[in-house]
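Only one structure is covered here, and it is reproduced in the block below.
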Amino acid sequence: MIRHCVFIRFREDFSASDRQECYDDLAKLCAKMPGALTFRSGANISPEAGMDKGFAEGFIIDFADAAARDAYLIDPEHQAIGGRIVSSAIGGADGVFVFDLKV
């Protein structure tokens, strides 16, 4: 299984409802993607102050395998949602941190 973790530093002018819309769109996409097992999103709740480096929220998707993850990455709907996220992040792509691990 591949755990796809994405953490975001959203700009202050990107509203909570706009953020939730991105997460909702991702959840809908994952529901129809073969091999996408779970989708979770939300705010960082770690008590370790400052360790998030400003990446205050994000999402995690579990994929059955790397092939399922790779199909998601090239999906046009994913790319459109990802573009909205990058354009709403502080510093564009610098405001998005992606980390995948084999579970």
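The values are calculated or read from the model by the stated rules, or taken from the named source; none is laboratory data. Small disclaimer: the values here were computed from a predicted structure and weren't measured. Cβ sites come from the backbone with ideal geometry, for glycine too, and all protein chains shown count toward neighbours.
Observations
- For A68: the one exception among (1) at pLDDT 95 or above; (2) surrounded by fewer than 17 Cβ atoms within 10 Å (Cβ to Cβ); (3) at negative phi: (2)
- Tabulated pairs, region 72-101, first free of Cβ contacts under 8 Å to residues at least 24 places away in the same chain, second surrounded by 15 or more Cβ atoms within 10 Å (Cβ to Cβ) and assigned to a helix (DSSP H, G or I), C-beta under 7 angstrom, 6+ apart or interchain: G92/V86; A93/V86
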